[in-house]
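Read through the structure below, which is laid out as structure tokens, and then see the notes.
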Amino acid sequence: MTRTGTTVAAAIVLAALAAPASAGLFEFTGQAESSTGEALYEERHRIEGSCKAGVFQPLEHRVVYIRRAESNRHPFAEKRLDYRSSLLRPVVKYQQPDFKESLEITYPASDSAAIVWQQPGGEIKQSNLGGSNDLVVDAGFDNLVRQNWHKLTTGESVKFRFLAPTRGTDYAFILEPAQNLSIEVDHLVQIRPESLVLKFLVDPIVLGYNNKGALTAYSGLTNVRENADQNHTATIHYEVNNYPECDLIP
């Protein structure tokens, strides 16, 4: 390599090293409230990823949960997700020590999912189920929305199966445009059961997004435990702290 070529190569390397750390970093914070407006907890999301063809690709996602009423501001729960194998079916590790509860979802094969749930009280329940191409797990729904952005913003719906890890099975759901006058967002969608029977048992999850494709509102059942018998149902309002340097939606 000529001296000129070496100089150019070195400049490229230095430019890459000097690139801001936020290039592949997406951060946002959520404030959860009960149906009566009571402040419940705060979610702090940090997603590290990369830009591929101008679109953000999540790799690792960490969420810490902090009770807003407590002054020490120490997390009472934490969740980690790994999207390296799939944007829709991340590896999930969740723990909420105050209830001695933990949940881990892994994929021993491309067509199966393994669930290990330590229930409140310490009993461990293990489940294995066959996967499907349209299975969505945990926060994978967020990437499902972005992958189908054009369909949803033009009035179409998307069918998929959603994992219910503590039940050890999955159910058919529909992702579709929605209307809710109490939530002011740029785009509103909902996730509802496809089964007529489940419609009477499970309320839809309502999701709000801004024009950039960032989640700005969530209303429905959460994965945060309220007591030994049930999880919180909450409305969560999100604010973006840092956008990656590429688009969130194709």
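The values are calculated or read from the model by the stated rules, or taken from the named source; none is laboratory data. Here the structure is a predicted model, which means the values were calculated and not measured. Reconstructed Cβ throughout: ideal geometry from the backbone, glycine too, with neighbour counts over all protein chains shown. The accessibility values were calculated without ligands, DNA or RNA, using every heavy atom of the protein model including side chains. Shrake-Rupley method; radii C 1.70, N 1.55, O 1.52, S 1.80 Å.
Details
- Rounded to the nearest 10 Å², the accessible area of L25 at probe 1.4 Å: 20
- Dipole magnitude for the range 87-138: about 80 debye, using +1 per Lys or Arg Cβ and -1 per Asp or Glu Cβ, origin at the Cα centre.
- Percent of Cα pairs in the range 141-190 per distance bin of 5 Å, from zero to the largest separation: 5, 18, 27, 19, 16, 10, 4.
- Other residues whose C-beta falls under 13 angstrom from the C-beta of S219 contribute a net charge of -2, scoring Lys and Arg +1 and Asp and Glu -1.
- Using the Cα coordinates of the range 102-250, the gyration tensor eigenvalues translate into equivalent-ellipsoid semi-axes of 27, 18, 17 Å, sorted from longest to shortest.
- Among S195, N180, I205 - extreme Cα towards positive end, dipole of the range 164-207, charges at beta-carbon: S195
- Per residue accessible area in Å² of the chain, where ligands, DNA and RNA are left out and the probe is 1.4 Å: 55
- Distance between the 7 Å Cα→Cβ label points at V197 and E60: 4.3 nm.
- The candidates R192, R84, arranged from most to least accessible area with a 1.4 Å probe in the full protein assembly, appear as R84, R192.
- Whole-percent carbon and sulfur share, accessible surface of the range 159-238, 1.4 Å: 50
- Here, the range 63-172 yields an orientationally averaged convex hull projection of 8.5 nm² when only Cα atoms define the hull.
- Projection of the Cα convex hull of the range 165-223, averaged over all directions and equal to a quarter of that hull's surface, yields 4.7 nm².
- The gain in end-to-end length when the S182 to A109 segment is fully stretched comes to 22.0 nm, 0.36 nm per residue minus the alpha carbon separation.
- Rounded to the nearest 20 debye, the dipole magnitude of the range 104-211 is 200 debye, with +1 charges on Lys and Arg beta carbons, -1 on Asp and Glu beta carbons, and the Cα centre as origin.
- Considering only A178, A69, A234, the Gaussian network model of the chain with Cα springs below 10 Å gives its largest mean-square fluctuation to A69.
- Against the criterion of solvent-accessible heavy-atom surface with a 1.4 angstrom probe, E194, E123 sort, most first, into E123, E194.
- Under the convention that each Lys and Arg Cβ holds +1 and each Asp and Glu Cβ holds -1, the size of the dipole of the chain around its Cα centre is about 600 debye.
- DSSP bridge orientation in the chain - percent antiparallel, rounded to nearest 5: 95
- Look at where the Cα atoms of the range 228-250 and of the range 121-141 average out, and the two centres are 21 Å apart.
- Beyond 21 Å, the tail of the calculated P(r) for the chain holds 63 percent of the Cα pairs.
- Taking the protein heavy atoms of the range 29-94 in the context of the full set of protein chains, the accessible area attributed to carbon and sulfur is 46 percent at 1.4 Å.
- In the chain, lysine pairs with alpha-carbon atoms under 20 angstrom apart (chain gap of 8 or more, or interchain): 9
- Considering only L129, L88, L152, the Gaussian network model of the chain with Cα springs below 10 Å gives its largest mean-square fluctuation to L129.
- Estimated [θ] at 222 nm from DSSP helical runs (n ≥ 4, -39500 (n - 2.57)) normalised by residues in the chain, nearest 500: -3500 deg cm²/dmol
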